[in-house]
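The values are calculated or read from the model by the stated rules, or taken from the named source; none is laboratory data. This structure is a prediction, so every number in the text was calculated from the model and none was measured. Here the Cβ positions follow ideal geometry from the backbone for every residue, glycine too, while neighbour counts run over all protein chains shown.
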Amino acid sequence: MKKPDRRGKTVEDDAPLASDISTVGVPLLIPVVAPRLSSMSHSALIKWKKARAEYEESVKARSKGDDELYERLKETIKSTVDERLLKALCTYRRGGIAPNAVTDDQITSEIQAIVERVINDTLPDIDMLFGKKLRLNMSETDVNERVLHDLF
């Protein structure tokens, strides 16, 4: 026969054991923030485009296929562009139109034009680079192995 415990009930008595705790994840409602565009440099735009694609995928996932909800949740590109940058973009790249008249499609086309252009409009001399840096081990008989070994 077990003797009754004479001490009072403690907090530890009510605490769940580690084995009793469920490992089911709890969904966190973390706000998704659209990436801000504060520079029109080539590298900054490439990073921004990647972050924007991730943001839009996240918003699509939250809207669960409802296109109307997606459009309401998604922040416009224009609202994520730095105010001074938007004014400069409108003045110098869009022919002086007012910043409130520019559309997301116009901003996207300007960004795409900058990203698609090679930095400083120059291409490296591929022949010179290959002549200096490309060395193949011709003693290897397997061509795929030779290329993989020498290039990576």
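Scanning region 56-77 for residues that are in a helix (DSSP H, G or I) and either more than 24 Å from PRO99 (Cα to Cα) or in contact with a Leu (Cβ under 7 Å, 6 or more places away or on another chain) (or both) returns GLU57, SER58, VAL59, LYS60, ALA61, ARG62, SER63, ASP67, GLU68, LEU69, TYR70. Per the conditions (1) modelled with pLDDT of 90 or more; (2) farther than 24 Å from SER58 by Cβ, the sole criterion not satisfied by LEU123 is (1).
Among the residues of region 54-72, which ones are among the aliphatic types (A, V, I, L, M) and either surrounded by 15 or more Cβ atoms within 10 Å (Cβ to Cβ) or closer than 17 Å to ILE114 by Cα (or both)?
Of everything in region 54-72, just one residue is among the aliphatic types (A, V, I, L, M) and either surrounded by 15 or more Cβ atoms within 10 Å (Cβ to Cβ) or closer than 17 Å to ILE114 by Cα (or both), namely VAL59.
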